[in-house]
1. Any idea what the B:LYS138 label distances to the other copies are, label 7 Å down the Cα→Cβ vector, nm, shortest first?
2. In what sequence, highest mean first, do A:300-310, A:274-284, A:96-106, B:90-100 appear when ranked by Cβ atoms within 10 angstrom?
3. Need one value for A:21-27: mean number of C-beta atoms belonging to other chains within 10 Å of its residues' C-beta atoms.
4. Which of rounded, prolate or oblate describes chain B when judged by the alpha-carbon gyration tensor and an a/c cut-off of 1.5?
5. Residue by residue, what Karplus-based ³J(HN,Hα) values in Hz, rounded to whole numbers, does region A:53-63 have, using 6.51, -1.76 and 1.60 with θ = phi - 60° and x for Gly and Pro?
6. Under the Kirkwood approximation for Rh and a Cα-based Rg, what ratio Rg/Rh is obtained for region B:34-172?
7. Evaluate E = 1/(1 + (r/R0)^6) for A:GLU229 and A:GLU253, where r is the Cβ-Cβ distance and R0 equals 25 Å; express this FRET efficiency to the nearest 0.05.
8. Determine how many Å³ per residue the convex hull of the Cα atoms of region B:130-216 encloses.
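The values are calculated or read from the model by the stated rules, or taken from the named source; none is laboratory data. As the structure is a computational prediction, the values presented were derived from the model and not from experiment. For neighbour counting, all protein chains shown are included, and Cβ atoms are generated from backbone atoms with ideal geometry for every residue, glycine included. These accessible areas exclude ligands, DNA and RNA; they are computed on the full protein's heavy atoms, side chains included. Shrake-Rupley method; radii C 1.70, N 1.55, O 1.52, S 1.80 Å.
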Number of protein chains: 2
Amino acid sequence: MPTDRITMAHGAGGAVMGSLIKDRILKHLGGTADDKRIELALEELDDSAVVDGIVLSTDSYVVKPIFFPGGDIGSLAVAGTINDLSAVGAEPLALSCGLIVEEGFPLEDFDRLIASSGRTGREAGVPIVTGDLKVMEKGALDQVVVNTSGIGKRSPYLDSNIEEVRRYREFDSEWIRDSNVRVGDVIIVSGFLGDHGITVLSFREGYGFESKLQSDVAPLNKMIGGALEEGGIVAMKDPTRGGFSNTLNEWAEKSNVGIALRETDIPIREEVHSACEMLGFDPLDIGNEGKIVVAVVKEKADAVLEALRSFEEGKDAAIVGEATSDIRGVVLETLVGGKRIIDMPVGDPIPRIC
Amino acid sequence: MPTDRITMAHGAGGAVMGSLIKDRILKHLGGTADDKRIELALEELDDSAVVDGIVLSTDSYVVKPIFFPGGDIGSLAVAGTINDLSAVGAEPLALSCGLIVEEGFPLEDFDRLIASSGRTGREAGVPIVTGDLKVMEKGALDQVVVNTSGIGKRSPYLDSNIEEVRRYREFDSEWIRDSNVRVGDVIIVSGFLGDHGITVLSFREGYGFESKLQSDVAPLNKMIGGALEEGGIVAMKDPTRGGFSNTLNEWAEKSNVGIALRETDIPIREEVHSACEMLGFDPLDIGNEGKIVVAVVKEKADAVLEALRSFEEGKDAAIVGEATSDIRGVVLETLVGGKRIIDMPVGDPIPRIC
């Protein structure tokens, strides 16, 4: 692998991408440390930044194929940025949509993805208020790329959520952040893991698993609002590129805690298990687009679990582990009672699923 | 030309793109009319939207080559979105940066464009606070695409600027908008037109004009702030894709006024004239990346001109025409005293300059 060129792993959301960001991006971008307007900065590498009370997030989508069972690049782009805004404790207000399209792209497909973007935004109550369109010559781009950026404001439930945390332990953050997890906090996942990545891969490669699977792509702002209203949440993340493994390793590293998981409690569908066994993937590394992982003070874990389950998108939510000082990193207690270290994925086993 | 597929003209910022947006995008995207949070909506098609007091803008950059005399895709992306925010009367606060990179892209070039983005942001005082990186397989993308989105707040000079307008005429807008131009308003351009587009084209194709030319790419937020502080400005636009012709036709259409221009007063460099004559282009259709076109009440025209000229980026600013009821559309009084209608460009004579 050449070391002087961008590789697929650089875009995979795992360890290689993390090094690229730390070594080559953070020294040039980001605000100055004395800029008091920046509450949540680039170098924190949370899902969104906060400047002057405004939450800002961006994501570009390169999924292939652009239409897949359960969604398409339009619904994915809108839901994805809504979820990133929501994950820091923001109420999403509005989105921008930047389309980059290959010359010769069918207008019928263009219409479909625009309609799907609009529908997803309306479902979530988040309008797309500005946009941009660029066309590249035939051959200069594989079909279409969609960027969505979004703005939000502090959720009306964030202050009461934090008050609830402070009933049980110290908490010095004003936002929901990767670095907020402490020993004793409980880890909840909002439903089955791996559906999106396996569906897109299977549909793309013709493996056939998608006959019983579909992408979980969905805007989660309403469910996350419901969970925050319950209170006690300290960290949230939508486990997209790099999957659940990446999310928990980021938390463990940024929060400096160990995380212990129980394999029996992690919701994974039989089809995803089968596909992963066949293909040699760990389902915990597979990207999701309609799930949220939540860290919550233990006293509120059952209540937050119920709040998530009261939404269709969270009906299969489950408590899967807790933060601990007994171990370092992320460790899974397996079905047979053994222990397996869950590392930060190096690359993404399935490129271009988002 | 097939009518069921995206063509280069759909991305050119002219009439074909306008139809695509009106016919195929606005019916799906945008907010609902009763959403009172949206002050400046998608359907207004200004350079930025305003939601709940927050100004939001987005732009993707596909320029080829990515490095060119006077700038590169990084400085272009940062300056462009800063200028779009500034053009509605916002003070830019922060940017996001979404990078989409082709597998195999040299890390050295990656470093250069990141450094250039950061430098341009620092010069403008606008930090890049969040970002995203995607990698596409070799051959699926021509090198790199950069999306920048940005947020801003109402400029501290906007209210006094509007008060100044209201000393001289009625003004019912709370923002600087394309639809605000009225008969009698004076049109100012902040410097030489066409430098960016001709430089990129000439460098790409090896025509040699770029030996005496360079791109004008620059963030204009400080100059625009200075002009707003002077007051009396009703509309502003950075004449990028579709150039000056596109800007004035948008104003004429949205404001329902005629615009009369004097060719002798429009600043265009000899090299740009020569290149355009050789290539059969109208210099007024060529995209710029460091210019602003301003419409101002006539009583304040000289003062705003001086304010622009007090900045390095505006030292060649000139008054070039005025809004009138004598004509419809945009009409140029030529060097020899004739009249030429300046139409909305149909496509862009030079693709991929931004």
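1. Label point to label point, same position, other copies: 2.5 nm.
2. Working: A:300-310: 19.6, A:274-284: 16.9, A:96-106: 22.3, B:90-100: 26.5.
The peptides rank, most packed first, as B:90-100, A:96-106, A:300-310, A:274-284.
3. Values: counts 2, 0, 2, 5, 11, 2, 4.
Shielding by partners across A:21-27 averages 4.
4. Numbers: a/c = 1.43, a/b = 1.21, b/c = 1.18.
Rounded.
5. x, 9, 8, 10, 9, 9, 7, 10, 10, 10, 4
6. On the way: Rg = 17.5 Å, Rh = 16.4 Å.
Radius of gyration over Kirkwood radius for region B:34-172 works out to 1.07.
7. Numbers: r = 29 Å, r/R0 = 1.18.
Computed FRET efficiency for A:GLU229 and A:GLU253: 0.25.
8. Working: hull volume 17.7 nm³, N = 87.
Hull volume over Cα atoms, normalised by residue count, gives 203 Å³.
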